[in-house]
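Notes to accompany the following structure.
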Amino acid sequence: YLPPVAAELLEVVVPVPKDRPDEAVTAPPPPTLAKVAEPVGDRAARKGHGRAWGREAELAALVRRLHVERANVLLVGEAGVGKTTLMVDAVKEAERLALAGGEGRRTRPRHRFWLTSAGRIVAGMKYLGQWEERVEAIVSELGELNGVLCAEQLLELIRTGGLGPTDSIAAFLAPYLARGELRMIAEATPSELDACRRLMPGLPDLFQLVRVEPFTRAAAVAVVDRQLEAGASGPGIEVARGTGERIVRLFRRFMPYAAFPGPA
């Protein structure tokens with residue numbers, strides 16, 4: 001295993017692909033969205049999320065709603081159940097289908113799904129009407145690129161922006177959602193969804209609800225085994241038989257009230 005005494009690099013070949021006329025041209029990001037949001041389909045943004053193992057049926061249904069039906073979607077599930085991971089995987093597939101269909105070529109930016117939060121929208125806004133003007137710019141920029149606004153917490157949008165739900169960010173966005181001028185993906189836990197219905201009864205009705213249920217024990221073991229198989233693909237890594245079953249058993253014992261697979 002000792003390295004050689006001397007080494008010499010004679011040549012480095014770097015293939016540079018030529019631009020093809022049918023390739024998509026990446027346009028600069030919209031200025032307001034670039035300040036308060038990040039593209040979900042960007043490779044750097046996807047690095048923090050794994051694959052949506054064991055969610056093939058939910059993934060296909062979500063991609064259909066995003067790409068074909070073009071609906072507003074609210075992902076409902078316990079914290080840690082994998083809502084954000086499912087959304088990131090669905091966005092990746094939806095953008096791939098849109099690019100293959102010619103929607104992203106030449107005239108439109110590649111990334112159409114932008115993730116933000118209520119805190120980022122109102123950050124730096126000191127005076128009356130400032131964040132409303134920013135939201136109007138966000139809606140306008142999303143409309144130009146046929147984009148979708150993604151929010152990790154719908155309840156946060158209801159509680160931020162004013163003195164109450166009636167003058168919040170969610171209340172400001174509701175007319176745009178009702179008229180179809182804005183499309184959104186949001187997330188909520190079941191308790192947060194109940195709070196949303198109490199604070200703004202009509203807002204959840206503007207979304208199609210997608211339930212993200214916790215994994216059964218057998219599904220959890222299968223997901224862990226697939227993750228271990230992917231992680232053990234490198235040289236010198238071996239996973240003992242039954243490791244996945246042991247992980248799930250210990251997780252259920254010591255974290256019985258946490259949703260799988262987030263904390264696991």
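Fully extending the segment from ALA137 to GLU56 would add 25.6 nm, taking 0.36 nm per residue of separation and subtracting the current Cα-Cα distance. Spin-label pair LYS35-ALA218: with each label point 7 Å from Cα along the Cα-Cβ axis, the two points sit 5.4 nm from one another. Given +1 at the Cβ of Lys and Arg, -1 at the Cβ of Asp and Glu and no other charges, the dipole of the range 51-186 around its Cα centre is 420 debye to the nearest 20. Its Cα centre serving as origin, the range 113-241 has a Cβ charge dipole (Lys and Arg +1, Asp and Glu -1) of approximately 260 debye. With the simple spin-label model, which puts each label point 7 Å out from Cα in the Cβ direction, the GLU238 to GLU11 separation comes to 4.1 nm. Helix screen, the chain: DSSP H segments with Cα axial length of 20 Å or more and mean Kyte-Doolittle hydropathy at least -1.0 are 83-100, 130-144, 217-231. At the residue level, GLU11 shows approximately 140 square angstrom of accessible surface with a 1.4 angstrom probe and all protein chains present. Within the shell of other residues whose beta carbon sits under 13 angstrom from the beta carbon of PRO261, the net charge comes to +3, with Lys and Arg scored +1 and Asp and Glu -1. Each residue was assigned an accessible area with a 1.4 Å probe, and for TRP53 the value is about 50 Å².
Taking every C-alpha pair closer than 8 Å and separated by at least 6 residues, the mean separation divided by the residue count of the range 124-264 gives a relative contact order of 18 percent.
Projecting the Cα atoms of ASN146, ILE169, VAL16 onto the charge dipole of the chain, computed from C-beta unit charges around the Cα centre, puts ILE169 farthest toward the positive end. The accessible-area ordering, largest first, of the residues ARG198, ARG70, ARG134, ARG253 stands as ARG198, ARG253, ARG70, ARG134, per a 1.4 angstrom probe.
The Cβ shell under 11 Å around ALA60 holds other residues with a net charge of -1, Lys and Arg each +1, Asp and Glu each -1. Working from label points 7 Å from Cα in the Cα-to-Cβ sense, the ASP205 to TYR127 distance is 3.8 nm.
In the complete set of protein chains, residue-level accessible area for ASP194 is approximately 80 Å², probe 1.4 angstrom.
The values are calculated or read from the model by the stated rules, or taken from the named source; none is laboratory data. Not measured: the values here are computed from a predicted model. Virtual Cβ from ideal backbone geometry, glycine too; neighbours counted across all protein chains shown. SASA here: full protein model, heavy atoms, side chains in, ligands and nucleic acids out. Shrake-Rupley method; radii C 1.70, N 1.55, O 1.52, S 1.80 Å.
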